[in-house]
1. Regarding segment 95-191, what are the three Cα extents along the principal axes, ordered largest first, in Å?
2. Once the Cα gyration tensor of segment 1-159 is diagonalised, what are the square roots of 5 times its eigenvalues, in whole Å and ordered largest first, as equivalent ellipsoid semi-axes?
3. From largest accessible area down, sort Glu165, Glu149; use a 1.4 Å probe on the protein chains.
4. Give me the distance in nm between label points sitting 7 Å out from Cα along the Cα-to-Cβ direction at Glu57 and Ala361, one decimal.
5. For each pair in Lys60/Lys278; Lys25/Lys217; Lys84/Lys278; Lys287/Lys395, compute the distance between the two Cα atoms and list the pairs where it is over 28 Å.
6. Return one whole number: the accessible area per residue of segment 77-171 in Å², for a 1.4 Å probe.
7. Arrange the residues Ile122, Ile526 by how much accessible surface each exposes, largest first, with a 1.4 angstrom probe.
8. Jot down the radius of gyration and Dmax of segment 121-161, Cα atoms only, both in angstrom.
Amino acid sequence: MEDNKSKLHKFWAGQINSAKKREDKWRRESDKIVKRYRDGGPRNGKGEFNILWANTEILKAAVLSSVSPPHVTRRYRDEDLVGKEVSEILERGLEFQRDEETFVRNLRKCRDDMLLVGRGVIWFEYDADYEMQDMDRLEMPPQVNEVGELIESEAVFLINGMPSEPDSINPDGIGQMEFQTAQRVTSKYIYWKDYLQSDSRSEEDVWWKARRHGLSKDEIESQLGSEAVQKIELPQETNDEGTEIFEVWELWNKTKKQRVWFTDNATDVLEVEDVPIKLTTFFPCPKPIFPFETNSTMVPVPEYMIYQEQAVELNRIVRRLTTLTEQLKVAGVYNGADKDALVDLSSLQDGQYKAIKNAAAFGEKGGFAGSLFSMPIGEVAGVIAQLEARKSIIKGEIYEITGISDLVRGDTQANETATAQRLKGSYGSLRLRPRREPMEEFIRESYRIMAEIMADEFSPESFARMTGIEPTPEVMELMRNDKMRDFRVDVETDSTVQPNEMIDQSKAVEYSQVISNMLGQGIPAIQAFPQIAPFLAESLKFIARQFKTGRGLEIELSKLTDAVEQSPQQQAQQQQAQNVDPEAQAKQMEAQMKQAEMQIKAQDMATKAQTAQMNNQTKLQVAQINAQVKMADTQVRANSEAERNQTTIRKNELDVLAGQRGFSQ
């Protein structure tokens, strides 16, 4: 049967089998870890301490307690009104997607997989709903063909009053057109066993990713067509209803920009097609989330494997403690000769006594102390105390390895100071930050994929229904342009952008305070000593350049400093103007008046010359028009004369013909 496989089928079979073999050890260990998390290990009555469950539950809230809302802004925060509207539409659309419980639930599943087995994967799909709408039918009157016969005309179908070609015509002759009623981006959680990828050391080097489906023949035919079903030959496992279920892999090939459908039980790949959505990163899923990574491989490592030895020892100590605790009981032996003097005291209540025989002899032998011999529990209690101390040490080692500080776990000592508790919390946050950051980046990349799908696929009507904003043609043009949209719009989350925003706000406040102080102190100094204006202006520019937040205002600040420098000069010029000699000022005004009169005369002469030229042109045009009228009149008269001559000639010809007819009669 292997010889019947196509070359392409063998290639992808080799890729998938190689990926499975590469992850085989991790998958086997992960199965054990999941089992231990669920039931705490083997239940043999000896006791288990499920430290895996305890740590995982703590880290769940530390890594992802709530999903950060999207934060979409103009990348450079300038006066880009189109970019602002695109940002607002995409942010509202992403908020709508975030409010869907499916998306949040899938993110939590990815978080749980990351904490337990070491890898979480989410996949995104674009989907749309369509429905057929009836069209109006307009009967056209019969037409006449070239030979004069009547022929029936085809009916015209209208939609909203506009003629359109129907997508189909039902048996009643009613045209129908398919309309899109809804668009959405759907998130799919990928179980950790249902995901494979190429052998790569980093996400940038991954050239194929695959997810596994369990499909019946009917489902394969519905999705891929009957030709795909014909390629399947071997029997498969059946589900509870007895239906054959096939392991089908959906592979995204980044090298050839294709999607391949593959099952091992076929002679060829089921289908090779273009990808349904075109994304900048190609793959419809962000980089898988890992608890930690190495630069040599992307095969996951479960966190439990890091402290597995300590967890095994902890369980061994707990089992011993359980066994020893069972031995901590008041029990022992007594002399058989004194059995008549001893009674069962376990059933007596407080203040109740019971009679015994030979009480005097029982007392002479020392009573209970002389007749009963209890088990030595002091040694057992000492061992238990030592084991409890060792258990605390092991737990401390595990918490140190995982980075869970006492304060994060809610376990503090009453005698600890607030500073000590704050240091513990800071240390715990520092150790947990590498866990939070991948999760935040994972959510951010998910938002970016959803935003790109919406921008590329959603119609203006869908955006309007979902966000309440009617996008303009300019907005839709930017939406559809992936490169320009990435240049002008940035998609983040509140958790990833909040630290930067707080820093930017702090720097902006500091910048405003520095500039305000310099202006508040510098302007009075310039008014008192105008000579220092250039120095203060350059100092203001120098200090402003030290702030990154002030770069956008540098041009306006330069204008302000130039005005500050020119202000003393203008004041000096005004002062000079005030100190001018009156006679010189009168002569200057007289010269200006003469110059103005000369300009007026020159303008008057130019106006007269222009008027004369226009009159000449007008006379010439009138003469040309008169000549054309005369020529037209002469032509009309000539035509009339010619028509009269032609009429006279025709009349003479008719008279001659009439005379000839009379003569012949």
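The values are calculated or read from the model by the stated rules, or taken from the named source; none is laboratory data. Please read these numbers as outputs of a predicted model, since none were measured by experiment. No Cβ is skipped: glycine too gets one built from the backbone with ideal geometry, and neighbour counts run over all protein chains shown. When the accessible area is computed, the model is the full protein with side chains, heavy atoms only, and any ligands, DNA or RNA have been set aside. Shrake-Rupley method; radii C 1.70, N 1.55, O 1.52, S 1.80 Å.
1. Taking max minus min along each principal axis of the Cα atoms, segment 95-191 gives 84, 23, 21 Å.
2. Equivalent-ellipsoid dimensions as semi-axes: 58, 32, 19 Å.
3. From most accessible down to least: Glu165, Glu149.
4. 6.0 nm
5. Cα-Cα > 28 Å for Lys60/Lys278; Lys25/Lys217; Lys287/Lys395; rest within.
6. Per residue, segment 77-171 has 62 Å² of solvent-accessible surface.
7. From most exposed to least exposed: Ile526, Ile122.
8. 21.5, 72
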